[in-house]
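The values are calculated or read from the model by the stated rules, or taken from the named source; none is laboratory data. Quantities reported herein were computed from a predicted structural model and do not represent experimental measurements. Please note: Cβ atoms are built from the backbone with ideal geometry, for glycine as well, and neighbour counts cover all protein chains shown.
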Amino acid sequence: MKNMTRRDALKSTAILGAAAALRPSLFAQHPAGGLRVGLKDLPYDYDALEPAIDAETMRIHHGRHHAGYVNNLKTALEEIPGATSMEGLLRDIPLLPESLQTTVRNNGGGHWNHDLFWTIMAPPGQGGGGQPGGPLAARIQSDFGSFKAFTERFSQAAAGVFGSGWAWLILNRQGRLAVTSTPNQDNPLMRGLVPDEELGTPVLGLDVWEHAYYLHYQNRRGDYISNWWKVVNWNAVGEKFVQAR
Ligand code: MN3
């Protein structure tokens with residue numbers, strides 16, 4: 001068993017050797033031992049977002065879907081010892097060996113996107129709902145004209161995702177707020193996979209995969225989107241905006 005492990009290790013070293021010469025940052029052994037990921041508890045109870053999002057949906061979404069992305073990503077990370085941050089990993093997917101790119105794209109994206117999603121929501125009336133304040137409110141005003149114009153554009157982007165995907169509010173590379181969407185578990189960090197003009201730092205994301213709403217809303221995605229605004233945690237979104245500037 002020990003010999004097998006050693007032989008396997010030697011084999012993967014040989015395979016990755018050539019790639020490592022070209023991509024030192026991702027394959028060099030990081031002193032801290034690489035990127036560790038895990039499934040964090042939600043910052044609220046499973047039923048805390050009701051009635052906008054029901055407890056059963058939250059339980060399955062977090063405990064099975066998100067957990068699945070984390071487990072698959074952990075396996076992939078065993079072969080990427082030089083990864084030091086989720087964001088760095090997602091920005092450099094095209095530099096990974098082809099055999100890892102799809103796994104990291106789907107499961108790394110899935111993990112990062114859901115980590116964001118859970119933190120930008122809060123129970124209605126306890127941080128959820130209402131409108132942003134501070135610098136974010138001012139920038140929404142200047143970049144979209146009004147908060148209402150922004151929410152309409154974002155809701156349209158979310159409704160318009162064909163199949164599974166996400167709607168995003170990003171701070172783009174020109175330093176402006178913009179609304180975008182991505183298919184599957186792609187996100188605006190993914191250089192080389194998302195069009196350049198849609199790259200940026202996400203400050204708000206909405207999961208419109210059917211697993212996010214189908215138990216309660218069935219095919220009524222529009223109702224899910226309009227109720228979801230009642231649980232958006234604008235303090236958390238505002239902090240992400242300030243950090244992204
Ligand atoms: Mn999801």
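Annotation note: Cβ proximity below 7 Å between a residue of region 122-135 that is within 13 Å of residue 50 (Cα to Cα) and a residue that is assigned to a loop (DSSP other than H, G, I, E, B) (sequence gap 6+ or interchain) occurs for 122/44; 123/44; 123/48; 123/49; 124/52; 128/122.
When you look at residue 202, is it within 16 Å of the ligand (Cβ to nearest atom), surrounded by fewer than 16 Cβ atoms within 10 Å (Cβ to Cβ) and modelled with pLDDT of 95 or more, yes or no? For residue 202, the condition - within 16 Å of the ligand (Cβ to nearest atom), surrounded by fewer than 16 Cβ atoms within 10 Å (Cβ to Cβ) and modelled with pLDDT of 95 or more - is not met.
The set of residues in region 205-215 being more than 9 Å from the ligand (Cβ to nearest atom) and part of a strand (DSSP E or B) consists of 205, 206.
The single residue among 24, 51, 94 that is away from the ligand (no atom under 16 Å from the Cβ), exposed (fewer than 15 other Cβ atoms within 10 Å of the Cβ) and modelled with pLDDT under 85 turns out to be 24. If residue 69 meets every condition in (1) buried (at least 17 other Cβ atoms within 10 Å of the Cβ); (2) hydroxyl-bearing (Ser, Thr, Tyr); (3) more than 21 Å from residue 191 (Cα to Cα) apart from one, which number is that one? In the conditions (1) buried (at least 17 other Cβ atoms within 10 Å of the Cβ); (2) hydroxyl-bearing (Ser, Thr, Tyr); (3) more than 21 Å from residue 191 (Cα to Cα), residue 69 misses (3) alone.
Selection over region 97-138 of residues that are of a type outside the set (A, V, I, L, M, F, W, C), within 16 Å of the ligand (Cβ to nearest atom) and either in contact with a helix residue (DSSP H, G or I) (Cβ under 7 Å, 6 or more places away or on another chain) or farther than 30 Å from residue 73 by Cα (or both) gives a count of 8. With respect to (1) farther than 17 Å from residue 106 by Cβ; (2) modelled with pLDDT of 60 or more; (3) more than 21 Å from the chain's Cα centre (by Cα), the lone exception for residue 58 is condition (3). Within region 172-216, the set of residues being of a type outside the set (Asp, Glu), closer than 20 Å to residue 152 by Cβ and more than 14 Å from the chain's Cα centre (by Cα) comprises 172, 176, 177, 178, 179, 213. Per the conditions (1) within 16 Å of the ligand (Cβ to nearest atom); (2) farther than 16 Å from residue 185 by Cβ; (3) under 18 Å from the mean Cα position of the chain (by Cα); (4) assigned to a loop (DSSP other than H, G, I, E, B), the sole criterion not satisfied by residue 39 is (2).
I need the full set of residues from region 138-171 which are in a helix (DSSP H, G or I) and either within 27 Å of residue 65 (Cα to Cα) or in contact (Cβ under 8 Å) with a residue 40 or more places away in the chain (or both), in order please. Hits for region 138-171 are 139, 151, 154, 155, 156, 157, 158, 159.
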